[in-house]
Structure formats: structure tokens, C-alpha cells
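Every number in this text was worked out from the coordinates using simple rules, so none of it is lab data. None of the values given here were measured: they were computed from a predicted structure. For neighbour counting, all protein chains shown are included, and Cβ atoms are generated from backbone atoms with ideal geometry for every residue, glycine included.
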């Protein structure tokens, strides 16, 4: 793989077998219907997809619901395995398919910062160093020892985001996570984009076409018929807008 | 390769499981001590106070006998149950983040090991009260048995944690199996009370053998079944090696089946 490539996706296909009838997840179902064959509907989420994300590139993925965007991110993140083709990642990668992964409502905010931060790849030592900044940035300094279950959802998201931006990885995978939160929060997110643009390689999925057009270097458009197009933000976003 | 973050993540998981298990309870951590203690008291009272003697054991001997059985069996029970459920339980995380999956398995087993350690200390205290003279050899032997069991449980969990995702019944089947094992391991009655023709069950059941070995070590400072324990050690290590390969291979597909 080229040294300037951060993510390489080559001829990737992914099918899901969705049980339509007679799915046997428990033995009871198997005993009761021993001869019934489980019927599956083969669902192709990705078909022969290839692209590369260069180092420092802001690469966005757009497309209608069900076009395979989330599946793609999960394969790149190593959560799913591709049926065919291969994915190579050059450098450390942290996926943000959701903010505040692993947040435990019964733990205090401080405990959750350590838990979530470590899940995202930070060490305890690093978190010790950042913890004050994390609470300051989230404007939650006075709530550090409150349980998360007593937080409003806005507070939880702010805390999660404040941890997320400390993550030290070469590659970020972002799935629509920044769509949550109010206008003020989104402003913070975009400020963060401005800061890391060019420094980290980013694979970004969003329905917010304005932000895609503004930040991306290149855009991948996944279509419902499993074909795709890659190109400059203006061309692809316009094409996508006109297609709908 | 184990990174600094893997170790921190492991510690965080153990800490979280620990906090969650006793959250909201007034006595909190004390339950770790109280649960086995009450289990012990109940069985002890039921079996020894009726006749003052259980089989050919005095009630004092029976106390040690029962306690060692309970401690070993509880370790086995928790190791099997928690190890098996470990992947399923963290499905939410596994679907979102690409951390090393085996950390959840070892965290679950560490919980069982911590409880085991605490229970051993109870045995130590009760032993001192009953006037047992612990020898270095017998204590080391008991610790060796604990280690062998831990390795075995770890090896088994590499398989069961994955199977659990595919066949959810495993939780119920295992619960029944463990119930059976409890009786087949002579945890709370003397082996001599089992009719001769069924005694082979206890003689070939690894858990029963471990329990018997611990009893001998505690009561008479005898080291018995050493060959078996060494053999189990080798089997357990092999189980970990093979299990690890199986786990690494299978765990990649697990996320699609939650």
C-alpha cells in the first residue's frame, strides 16, 4: 500500500443473510421445527466497492438510507468483516459510530470520562492530564461527580464530545455523530473540523450536505443500486441533490 | 502485543463490573463476603446440627470440608457463567468500537478470580479459628489448584463466549449443568455418603478432584492428586492456546450475530 494512503478499500462486497422465516436462534425453535429450513433473504449492502483515503484527507460518504454507509464504516473500523475484497488501514483508527460509547448511567461523570476515554484508546495517564480540560470544555466542571443518569442528554453529549476530541489517532471514522445536539454544539463540532482538517485522515458519513460540501476534499456517493461515484464535493453533492 | 491502553482498558472493565455488581445496595462490597458466608451457614446448620456429625466427620471437620467445597465450586460456577456471557454482555461496545475483544473475557474471569481470592481469605480465617496449622506446602498447593482452574476457565471461555452468541440457550443449559455439577462434586456431603456404584462420578469429575485435593491439603496438610493437577495444568494451557486461535478467528464475525 502506498505510504500516503490512510485507508484502502479494494473490491469490497458485503452481503447480509436476513432470516425471513424460521430463524432459529434458540434450541426450542430448532426442536419444534426440525425440518423447516430457515429462509434467508440475501441482502447486498456493498458490492465491489473500491476507493482510497489519502493521509490528511477529509473524505465524506453520502447516499440514501440503506445504501450501505454504516456497513462501510463498520467494515473499515474492523467491526464487520468484508465477504470479498480487502480493507487496509495505515495508522491507528478510532471509530465514532456513536458518541459516549460505553457510558454507564450509574457511574459519575468523572468515572465515565475514564471509562469512555480508555475505550477510545487513551491511557489513564493521559486522561489524568486531560480531565480538567475535558470538564472545562464541556462546561460541566461542577457536575464532575454527578451520575450520568442525572444528566440531560445535552450535557451527556457535550461530555462525550469533549472526550472524543482528545483522541489521538491518525484516522477518524465519523458516522453522523455530530448531527446530535443544538446549534451551539454543532458550531463546536465544525470548529473542531477546522482544527483537525489536514492533520488527520477522516472518513465522514453525513446527511448534512452543507457540511460535506464545505469540509470534504472528496466525496463518495453510494447509490441504492450499489453503484457509486467519487469526485469533488461540488460535483457529487450537486449530482446527489439533483438525483433526489 | 499488549499496549498500555489495553491494560488500562482491562482495569476499567474490571472496575466497572465491580461497581455495577454492587451498585445501589446498602452493604455494597460486603455482599462479596456475606453471600458465601450465609451459604456456608445454611448448609452447615442443616447438615451438622441435626446429628452433630456428618457421615464420619465431626462438625468441626465438616466446616472445613464444606467451606473448601463451596469456595472451589463457586469459583468454577462464576468463571463458567461470567466467562460465557462476557461477549454477549458487551455487545453494545463490540458493535461500536474496535478494541481487543479478549479484554472483556479476561475481565469477566478476573472478577471470578477476585471473588475466589476473597473467599480463600475467609477459609484462612475460619481455618485459624478452628486451629488448623497451615503449612507452606499445602497453601502453595491450594494456590496452584486455583491457578490451574483459572487457566482452564479462561481456555473454556474462549469457546463458550463465542458459542453463546449463536445459541442463546447455552445460558440455561449451563445453569442446569452447573446445578448437576454441584451435586456431582460432593460439595456439601462426604464422598463416603455416595453409594459405591456411583462414586466413579466423583472420582472422574475434575471439580470434585480439585475440591478433594483442597480438603486434604487443608485438613491433613496432605498433597494428593498432584499428577492430576499437573496434567490439568498442561491441558489448561493447551486449551488457552487453541482457544485463543479459535477466538481470534471467530470473534470477527460475532458482531453480525448479536
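Structure data summary
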read-out: For chain B, built as a Gaussian network whose Cα springs stay under 10 Å, the top-fluctuating residue of B:120, B:176, B:238; value: B:176
read-out: Kirkwood hydrodynamic radius (C-alpha pairs) into Stokes-Einstein, the protein assembly as shown, 25 °C and 0.890 mPa s, D in µm²/s; value: 94
read-out: Rounded, prolate or oblate (a/c below 1.5 giving rounded, otherwise prolate when a/b exceeds b/c) for region A:29-134 by Cα gyration tensor; value: oblate
read-out: Coordinate range along principal axes, alpha carbons of chain A, Å, largest first; value: 60, 52, 36
read-out: FRET E, pair residue B:257, residue B:125, Förster distance 56 Å, beta-carbon r, rounded to 0.05; value: 0.75
read-out: Nearest-0.05 FRET efficiency for residue A:110 and residue B:244, computed from C-beta distance (R0 45 Å); value: 0.80
read-out: Shape category assigned to region B:4-257 from the gyration tensor of Cα positions, a/c cut at 1.5; value: prolate
read-out: Choice from B:230, B:42, B:118 showing the highest fluctuation, given a GNM over chain B with Cα pairs closer than 10 Å; value: B:42
read-out: Cα→Cβ-extended label distance, 7 Å offset, between residue B:228 and residue A:142, nm; value: 6.5
read-out: Residue A:150 versus residue A:65: modelled label distance in nm, points set 7 Å from Cα along the beta carbon direction; value: 3.7
read-out: Inter-centroid distance (Cα atoms) of region A:113-153 relative to region B:29-87, Å; value: 41
read-out: Selected from B:179, B:221, B:61 as most flexible by GNM, with chain B as the system and alpha-carbon contacts under 10 Å; value: B:179
read-out: Structure-based [θ]222 nm, chain B - -39500 (n - 2.57) summed over DSSP H runs of at least 4, per residue, nearest 500; value: -26000 deg cm²/dmol
read-out: Angle between chain B longest axis and helix B:30-48 axis [Cα atoms, degrees, rounded to 10]; value: 40
read-out: Fewest-first sequence of A:17, A:158, A:41 by Cβ atoms within 10 Å of each Cβ; value: A:41, A:17, A:158
read-out: Gain on full stretching of the segment that runs from residue A:230 to residue A:84 - 0.36 nm per residue minus C-alpha separation; value: 50.5 nm
read-out: Angle in degrees between helix B:59-89 and the longest Cα principal axis of chain B, rounded to the nearest 10; value: 10
